[in-house]
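To keep things clear, I will list the structure first and then write my remarks on it.
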Amino acid sequence: MSKTMSLETIISQLDAPFSGSLPERALREAQHRGAEIVPHLIDLIRKATAVVNADGQPTGDGHLFALYLLAELRAKEALAAIVAAVSLPGEGPFDLFGDAITEDLHRILAVLAEGQPDEIIDPLISDRSIDEYVRWQAARIYLHWVRDGSWTREQAVEQLGQHLATARRRADSELATGLVCELVSYSPAEWSDEIAKAFRDDLVDRMVVDEKTVEQSISGGGDWFQRELENLAPTGIQDTVDELEHWACFSET
């Protein structure tokens, strides 16, 4: 029977230079340590964020593993560090987390920022200094909350519609495109006029979402909305190893 790793060894193995394989044993040990390891995982994200903010590049992937583990452990105390990381200017969020930004950030924040739309999610959506894909991921969180029962469809549509109205007033085309994409999930008949104005103002990238898709969404009604809920990825992270072991970068050849 193998000995239990020390916290220092777990963190060291998680944050080791990239080897092409997943540090599965260290990840499993981290999962079992629960709250005990949370401050160490938060520290990995904070340190990596500081490195990238200083135009450097982290030498290991500990911050990436920490992102998933903290979501799995539902460690809400990690939220401030994660928000600071994904709010870095330029390509900073992608330098830290790569495709996790566009694939899983909405799932992670939906768990960690639950109940904090005004304090966390709305500012992420509204801040033009933040990468557009991070802002879009933040807007997707409402759909998780609706499916999971903490918000109603009407609350989410109203929130997204108000954000769209603000984006249109500010001529914020990056956000307007993402918001229309999100509203389409809800069959948003009540905001059709505002969406049409955003298109007329040329604030929506039609290569991403076009008027025909909006029309199909609205005509689809409740059936369309239910399909969107059914096709939404799971909220949160159930098992970090299961999530990451199939990533091409961690597949041993």
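Structure data summary
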| quantity | calculated |
| --- | --- |
| With at most 16 other Cβ atoms within 10 Å, longest stretch of the chain clear of loop GluC sites (Glu not before Pro) (DSSP) | 92-244 |
| Surface share of carbon and sulfur [accessible, 1.4 angstrom probe, percent] for region 32-135 | 47 |
| Label point distance in nm, T4-R169, each placed 7 Å from Cα along Cα→Cβ | 5.6 |
| Prolate/oblate/rounded call for region 72-182, Cα gyration tensor, a/c under 1.5 rounded | oblate |
| Value of relative contact order over region 10-59, rounded to a whole percent, pairs C-alpha under 8 Å and six or more apart | 39 |
| Rel. contact order, % - alpha carbon contacts under 8 angstrom, at least six apart, region 153-253 | 25 |
| Largest-first ellipsoid semi-axes for region 1-124, taking √(5λ) over the Cα gyration tensor eigenvalues, angstrom | 24, 18, 12 |
| Gyration tensor verdict on region 86-144 (Cα atoms; rounded if a/c is under 1.5, prolate if a/b is larger than b/c, oblate otherwise) | oblate |
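The values are calculated or read from the model by the stated rules, or taken from the named source; none is laboratory data. Small disclaimer: the values here were computed from a predicted structure and weren't measured. Glycine gets a Cβ as well: all are built from the backbone with ideal geometry, and neighbour counts include every protein chain shown. Keep in mind that these areas ignore ligands, DNA and RNA; they rest on the heavy atoms of the full protein, side chains included. Shrake-Rupley method; radii C 1.70, N 1.55, O 1.52, S 1.80 Å.
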